[in-house]
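Have a look at the structure below before the remarks.
Coordinate-derived values only; no laboratory data. This one's a predicted model, so the numbers in the text were calculated from it and none came from an experiment. Cβ: placed from backbone, ideal geometry, glycine included. Neighbour counts: every protein chain shown.
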Amino acid sequence: MNRAWKGLLKSGIIFLTLSLFVYMFYHIDFLEFQRTPNPPFKNTRGSSDPGSNRNSCTFRPLSPEEIDEENTLLDSIAWPNTPSVPPPVSLNDTTNAARSNFVILPRPGGGSWLVGDQLEVMIKMFDFKGRPKNHGGDFLLVRLHNRTLEAGVAGQVVDHLNGTYSAVFLLPWEGKSQVEVTLVHPSEAIPFLQRFAGEKPNGVDFYSTFQSGSLNEITMCSVCLPPTQQPQCNYTDLNTGELWFCYKPQNLSCDARIKHFHVKQKLPKAKEDVLFENGVTMNIGIPASGPAHVTVFPKMKGQLATDSNKDIPGPAGYYYKGLWSSLSGSTVKRFNSASAISQCLKDKVVHMYGDSTVRQWLEFLSSELSDLKVYNLYNLKKPGPYVALDYAKNIFVTFRCHGLPLRMGYLPVTELHYIANELDAVTGGKNTVVVFGVWAHFNTFPIKYYIRRLMSIRKAVVRLLARAPDTRIIIRTANLKQSSTPYSVLFSDWPSLQRDKILRTMFKGMDVYFVDAWEMTVAHYLKHDIHPPRPIIKNMIDVVLSYICP
Ligand SMILES: *[C@@H]1O[C@H](CO)[C@@H](O)[C@H](O)[C@H]1NC(C)=O
Ligand SMILES: *[C@@H]1O[C@H](CO)[C@@H](O)[C@H](O)[C@H]1NC(C)=O
Ligand SMILES: *[C@@H]1O[C@H](CO)[C@@H](O)[C@H](O)[C@H]1NC(C)=O
Ligand SMILES: *[C@@H]1O[C@H](CO)[C@@H](O)[C@H](O)[C@H]1NC(C)=O
Ligand SMILES: *[C@@H]1O[C@H](CO)[C@@H](O)[C@H](O)[C@H]1NC(C)=O
């Protein structure tokens, strides 16, 4: 490169950095809610350069055992029928929910449906030209519910890979209920979601500010930084091995990094957008051909439920009269008053780590318990950290965000703590409760990054349980968040589903307790929201407190 070009490039970078800084200065408060009208770096859709940016992601190296586990995990979430080359986008061949249908199969052995039976529904898919589909891979959600009874249960979907699906439901309550089948994404949309997650640009960019004296600079950061002429700063965490990089500022050292923030980009229109139209190709109900309801009768003495398919896992629980009951062994008790809640939490230390969906639990406790004084240490509403204390009852609760990657405001890098490091500082014991939830902020990153994060957290959980086996460890799973915002991996439930499966598999069989936020949002009648509404949070808190005070 000749000198003149270098000079031009340099002033270009300086100009970009300065305009970004000025932009940030005026818009910083809105970053969480607004997309930038002018992305500071040129943004293209991944489709023009398939997979090219994925190569710039750096992953922590794994041991041979970890590689085996990773391969097993990746196999377990392999999605059927998603060719590696994206299919041509044509609605003609795409699953059309409106032309598809489902039928409730008759009860095996005849007679009326009884409480405890397993109900089976056959779903047949058709495309926009009305032809039956002959391959699987559609993402479906199914539930059985009755709005008046505030009753609901999630069903399990089996993909027969030939354009038909079975949905299986347990019938936990008596009365009349509706079967509801929703196409979340047609199979044709999945390859775009797969390619989109982890590619740069993926709709969200991360930055750091660097400062020393009167010098300020902003550079882009990630684990997926496209290589450029600019050197990079390496922020690898030595204990966990977690990676993070920023482009090195021109005039400041890597040590001068002080703040972290993100910018959501407005994505340009693309031809695949037709696959992501709410109510047309995405998040749309499939009609019944025939009745969509069943009437369930109480089981009389001597009557047997239908044989249930043992290969299909039952639901985690169900709602009845708005209250969640567990079907996986543990009884959910109701903590309906401040005194019931604080009685359970008396003499307890509760450490919460995660994203805003975990913070909602602290917010719920704080709204219910007037004696719980909550301190937001640096006045950073979203990331915290928060400390809450009921001095008389000896209740101590903390909340801390899960560290990078984090789509949260403008926070000091000193507050970016990885959960594994925090857990290594917890003494634990029978009065200690650890709660964590990690998923949403990983949806724009490759799944391998998420697997490594869970591996490091799991190692810390194993260490904690080894030194203090009585510690209660509670894991919050992902939830549905269906949004009316068009095409973005940020608003799709599919990446959450994939990460949720990984989370459950990786902690299976350990001495940990799950709050099944996924089913608790599938089964509920309220609209899906990344931050589930209060009636769902109330039920989650009942589950949490039932684990702490069985
Ligand atoms: C879709 O179907 C229409 C009508 O049959 C046809 O004109 C069009 O060429 C088809 N498009 C593709 C991409 O196959
Ligand atoms: C699809 O596969 C299922 C399960 O093997 C079978 O019951 C069904 O008849 C098949 N449907 C079609 C249309 O081939
Ligand atoms: C819900 O249950 C009530 C009371 O049993 C019943 O009257 C109503 O028809 C049911 N609604 C649906 C949609 O099944
Ligand atoms: C980053 O730092 C870690 C720890 O010092 C080191 O192992 C790793 O090789 C470095 N990565 C790069 C890309 O420089
Ligand atoms: C770095 O310092 C040089 C020389 O003082 C200055 O011209 C340039 O604007 C600085 N770069 C940035 C990004 O602040």
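Cross-link partners among aspartates and glutamates for LYS459, C-alpha distance below 19 Å, same-chain residues fewer than 8 apart left out?
Within reach: GLU65, GLU66, ASP68, GLU69, GLU70, ASP237, GLU242, GLU422, ASP424, ASP470, ASP500, ASP511.
Report, in debye and to the nearest 20, how large the dipole of the stretch 330-548 comes out about its Cα centre when Lys and Arg carry +1 and Asp and Glu carry -1 on their Cβ.
Working: 29 positive and 17 negative charges, 76 e Å.
Its charge dipole is roughly 360 debye.
At q = 0.13, 0.14, 0.25, 0.29 Å⁻¹, what is the log10 ratio I(q)/I(0) for the stretch 263-308, with the Debye formula run over Cα points and no solvent?
The Debye formula, applied to the Cα set alone, gives -0.63, -0.66, -1.02, -1.09.
What's the angle, to the nearest 10 degrees (0 to 90), between helix 494-507's Cα axis and the longest principal axis of the chain?
80 degrees
What's the long-distance tail for the stretch 330-548, i.e. % of Cα pairs beyond 29 Å?
More than 29 Å apart: 21 percent of the Cα pairs in the stretch 330-548.
Going down the table (LYS301/LYS481; LYS299/LYS348; LYS264/LYS448; LYS301/LYS527; LYS448/LYS481; LYS124/LYS176), which pairs top 31 Å between alpha carbons?
Pairs exceeding the cut-off: LYS301/LYS481; LYS299/LYS348; LYS301/LYS527.
Dipole magnitude of the stretch 204-264 about its Cα centre, charges +1 at Lys/Arg Cβ and -1 at Asp/Glu Cβ only, in debye to the nearest 20?
140 debye
Please compute the contact order of the chain in relative form: average sequence separation of alpha-carbon pairs under 8 Å and at least six residues apart, divided by the residue count, as a percent.
Relative contact order comes out at 17 percent.
Any number yet on Rg/Rh for the stretch 119-275, C-alpha, Kirkwood?
That ratio equals 1.20.
Under a point-charge model restricted to the Cβ atoms of Lys and Arg (+1) and Asp and Glu (-1), what is the dipole moment magnitude of the chain relative to its Cα centre, in debye to the nearest 20?
700 debye
Over the residues of the stretch 414-544, compute the C-alpha Rg and express it relative to 2.2 N^0.38 Å.
1.10
Based on the alpha-carbon gyration tensor of the chain, what equivalent-ellipsoid semi-axes (square roots of 5 times the eigenvalues) come out, in whole Å, largest first?
So the three semi-axes of the chain are 41, 32, 20 Å.
Using square roots of five times the C-alpha gyration tensor eigenvalues, list the equivalent-ellipsoid semi-axes of the stretch 269-370 in whole Å, biggest first.
Details: eigenvalues 255, 180, 40 Å².
Rounded to whole Å, the semi-axes are 36, 30, 14.
Write out the trypsin sites (Lys or Arg not before Pro) in the stretch 294-355 meeting two conditions: DSSP loop, and at most 11 other Cβ atoms within 10 Å of their Cβ.
Passing both the DSSP loop test and the Cβ count: LYS301, LYS310, LYS321.
Could you tell me which residue out of PRO226, PHE276, GLN265 lies farthest along the dipole of the stretch 210-284 toward its positive end? Charges go on the beta carbon: Lys and Arg +1, Asp and Glu -1, centred on the Cα centre.
GLN265
Can you show me the helix-derived [θ] at 222 nm for the chain, built from DSSP H runs with n ≥ 4 at -39,500 (n - 2.57) apiece and divided by the number of residues, rounded to the nearest 500.
Details: 10 runs with 127 residues, N = 550.
Only helices count here, giving -7500 deg cm²/dmol.
If the reach is capped at under 12 angstrom between alpha carbons, list the aspartates and glutamates near LYS538, excluding any in the same chain fewer than eight residues apart.
Here the aspartates and glutamates satisfying the reach criterion relative to LYS538 are GLU363, GLU368.
Pairing the Cα long axis of helix 534-548 with the longest principal axis of the chain, what angle in degrees results, from 0 to 90 and rounded to the nearest 10?
90 degrees
Take the stretch 204-264, drop everything but the C-alpha atoms, weight them equally and run the Debye formula without solvent; then report log10 I(q)/I(0) at 0.24, 0.28, 0.29 Å⁻¹ to two decimals.
Here the Debye-derived log intensity ratios amount to -1.02, -1.25, -1.29.
Where does each of 335-342, 128-135 land if you order them by average Cβ count within 10 Å, highest first? Walk me through the numbers before you get to the answer.
Details: 335-342: 16.1, 128-135: 14.4.
Highest-to-lowest ranking by the protection proxy: 335-342, 128-135.
Between helix 447-467 and the chain, what is the angle of the helix's C-alpha long axis to the longest principal axis, kept within 0 to 90° and rounded to the nearest 10?
Compared with the principal axis, the helix lies near 80 degrees.
Quick test of your reading: applying the under-4.7 Å Cβ rule, which cysteines of the chain are isolated?
Lone cysteines by the Cβ rule: CYS401.
Can you report the principal axis dimensions of the stretch 424-468 using only the alpha carbons, biggest first, rounded to whole angstrom?
The Cα atoms of the stretch 424-468 stretch 37, 16, 12 Å along their principal axes.
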